[in-house]
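Novice: Input: one structure, supplied below.
No lab work stands behind these numbers, since they all come straight from the coordinates. As the structure is a prediction and not an experimental result, all values here were calculated from the model. Methodologically, a virtual Cβ is constructed for each residue, glycine included, from the backbone with ideal geometry; neighbour enumeration extends over all protein chains shown.
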Amino acid sequence: MQSTTFKKNAGQVYLSLVPFFATFFAFATGHISYKIYLPIWIINVLLMIMAAWFLGAHVIKNNDTEKKQLAIVGCFLLAPTLLTSIFGGMGVPPGTVKGWIETANEQQIRFSFLIISGILIVFGFTLLREKLKQTEGNFYAQLGFASIIIAVPILIYNMSFWHSFVLETYKIKLASVSQKTPEWVLPIVNQVWILSVVEVCLTYIAIIAFVAALKSANWFRKVPSNIYIIISVLAIACIILYPIYPGFEVFSSFPYYPFMIPAIPFFMIYFIGINLLRRAGTNEKY
């Protein structure tokens, strides 16, 4: 019994540390060779799967349908960070045209993983909405589902923009005599910026709604639920108010920039998944 409890606690600690370490290394060390970060990422993926199994995913093999379904939801919400933890080795996207061209394959993998992550989150939240239908949290779950089902198609469009359009534009720019950005690119960039604001704000709204649903259903405790909600509201405020900041510039500057990174709201969804897995494994409220 003590061994099982230790494994669950150790699994939760490891899973909780992953996004912080991935973010730290992405910003602190920047891009490193794939020969180094790829094996580390694969080991991390295996450890995350093991940790998730000990925490609550093991109930998938049981006959308890309720716990099994809850564990599956948790796994769907964990999976995006399992993929995006590779960004710790890739670093942040390059700030130069040459950097994009030199790491073209890695940038395409980055944005492909983000597209897949968005799809996995839709599956997870769809199943979670079904689980919450017979609870007091049904109304908020429906609101959250509506928000995420609008946000993710926009996310897919935006990530495909960075995946393909930006790369091809940089190739054209690098090959041209003047090496100037074509004039027709700017309107498209501004359009993507507007869509990014809508997409990320809707994602935070989905987080707020689903956390409110979990709190109303007595699945999450009041204090951690309020922390999720406060952070999400703060993020939306920073994003919406960004155009009035001094020195406003599209796709840059604190406090707008960190909240606009897709991985940030994904991390919050990830922690919801951790708590749902824990609940599936212990039937406790978190």
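Novice: Which of the following values of semi-axes √(5λ) of the Cα gyration tensor in Å was calculated from the structure shown: [x] 42, 28, 15; [y] 30, 21, 18; [z] 35, 23, 15?
Specialist: [z]
Novice: Would you mind counting up the charge near residue 123? Only other residues with Cβ under 12 Å from its Cβ, with Lys and Arg at +1 and Asp and Glu at -1.
Specialist: 0
Novice: Of all GluC sites (Glu not before Pro) in the stretch 110-195, which ones are in loop regions per DSSP and have a Cβ with at most 14 other Cβ atoms within 10 Å?
Specialist: Those satisfying the criteria are 136, 183.
Novice: Would you mind checking 35/67; 68/215; 68/133; 8/61; 35/68 for any pair whose Cα atoms are more than 28 angstrom apart?
Specialist: Exceeds cut-off: 35/67; 35/68.
Novice: Give the calculated FRET efficiency between residue 123 and residue 45 to the nearest 0.05, with a Förster radius of 22 Å applied to their Cβ-Cβ distance.
Specialist: 0.70
Novice: Taking the chain as a Gaussian network, where each spring joins two C-alpha atoms under 10 Å apart, which residue of 115, 43, 231 fluctuates the most?
Specialist: 43
Novice: What value, in deg cm²/dmol to 500, does the helix sum -39500 (n - 2.57) over DSSP H runs of n ≥ 4 give at 222 nm once divided by the residues of the chain?
Specialist: -26000 deg cm²/dmol
Novice: Let me check against my output: what whole-number percent is the relative contact order of the chain, with C-alpha pairs under 8 Å and at least 6 apart?
Specialist: After rounding, I find 25 percent.
Novice: Measuring from centroid to centroid over Cα atoms, what is the spacing of the stretch 181-212 and the stretch 1-58 in Å?
Specialist: 29
Novice: Work out the length of the dipole vector of the chain about its Cα centre, built from +1 on the beta-carbon of each Lys and Arg and -1 on the beta-carbon of each Asp and Glu, and round it to the nearest 20 debye.
Specialist: I would put it at about 720 debye.
Novice: Can you list the chymotrypsin sites (Phe, Trp or Tyr not before Pro) in the stretch 122-229 that are in a DSSP coil and have 16 or fewer other beta carbons within 10 angstrom?
Specialist: Sparse-neighbourhood loop chymotrypsin sites (Phe, Trp or Tyr not before Pro): 184.
Novice: Just subtract the alpha-carbon distance of residue 7 and residue 171 from 0.36 nm times their residue separation and send over the number in nm, one decimal.
Specialist: Working it through step by step, the gained length comes to 54.1 nm.
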